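Participant: Before I ask anything, here is the structure I am working with.
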């Protein structure tokens with residue numbers, strides 16, 4: 001059994017499936033998805049549909065919400081009905097998104113979409129920061145974290161930076177695994193899976 005984390009799939013279901021094939025995900029493994037399933041890529045619903053299919057097939061999936069899920073649900077609640085999801089599925093997708101947690105823990109790790117606000121008396125109460133915060137590394141509270149490592153996405157980085165971060169995560173106690181799957185900037189356009197047990201990354205170039 002292995003534990004994997006993936007973040008910021010952003011509407012790229014073909015790349016998502018290719019990455020799951022690359023890590024040879026089984027029903028005994030645990031897969032942590034750190035949010036931002038929708039927007040930017042060509043098929044937002046395809047990503048969510050595949051997550052649902054994995055759940056229905058007995059795979060162990062923990063899905064968190066990201067800021068793009070927050071934006072989508074806000075639009076649906078306001079009656080704007082964002083066009084990234086087919087009309088027939090918008091209410092169902094919205095209900096699913098509203099049920100997603102902001103963070104989760106697994107031995108040795110704290111998993112969240114964007115990061116944590118360590119200036120807050122209790123970082124776990126600042127759910128806005130969990131979806132939106134950037135540039136929080138200088139505030140990281142090692143005493144609060146103990147031996148845990150924060151794994152997050154949200155702020156895309158070139159693949160070389162993600163690789164370096166994975167190599168340094170034990171020392172730094174944080175790592176960003178958003179390698180800009182939906183972006184075309186130099187060094188980006190990859191989807192990353194982090195094996196939380198071996199602390200190795202698997203990277204797939206965007207094919208959507």
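Participant: How are the alpha carbon pair distances in the stretch 67-187 distributed across 10 Å bins from zero to the largest one, expressed in percent?
Facilitator: The distribution over the stretch 67-187 is 12, 37, 31, 17, 3, given as percents.
Participant: Related question: Sorted from fewest to most neighbouring beta carbons within 10 Å, what does the list 7, 2 look like?
Facilitator: 2, 7
Participant: Right, here's the next one. Mind sorting 50, 68, 10 by how few other Cβ atoms lie within 10 Å of their own Cβ, fewest first? Intermediate values should be presented prior to the final figure.
Facilitator: Working: 50 18, 68 24, 10 28.
Sorted ascending by nearby Cβ count, the order is 50, 68, 10.
Participant: Take the alpha-carbon positions of the stretch 1-122, form their convex hull, and give its projected area averaged over all directions (one quarter of the hull surface) in nm².
Facilitator: 8.5 nm²
Participant: List 39, 8, 21 from most exposed to least, where exposure is judged by having the fewest other Cβ atoms within 10 Å. Don't jump to the answer; show the numbers that get you there.
Facilitator: Details: 39 18, 8 31, 21 10.
The fewest-first ordering by Cβ neighbours comes to 21, 39, 8.
Participant: Now, a different point. List, largest first, the extents of the alpha carbons of the chain along their principal axes, each in whole Å.
Facilitator: Taking the Cα atoms of the chain, the three principal extents are 47, 38, 36 Å.
Participant: Output the antiparallel fraction of DSSP beta bridges having both residues in the stretch 3-205, as a percent to the nearest 5. Walk me through the intermediate numbers first.
Facilitator: Details: 13 of 28 bridges.
Of all bridge pairs located within the stretch 3-205, approximately 45 percent are antiparallel.
Participant: With labels modelled as points extended 7 Å from the Cα through the Cβ direction, what inter-label distance (nm, one decimal) is found for residue 161 paired with residue 88?
Facilitator: That separation, rounded to one decimal, is 4.1 nm.
Every read-out reported here was derived from the displayed coordinates using simple, explicitly stated rules and does not represent laboratory data. Since this is a predicted model, take the numbers as computed values, not measurements. Note that we place each Cβ from the backbone using ideal geometry, even for glycine, and neighbour counts take in every protein chain shown.
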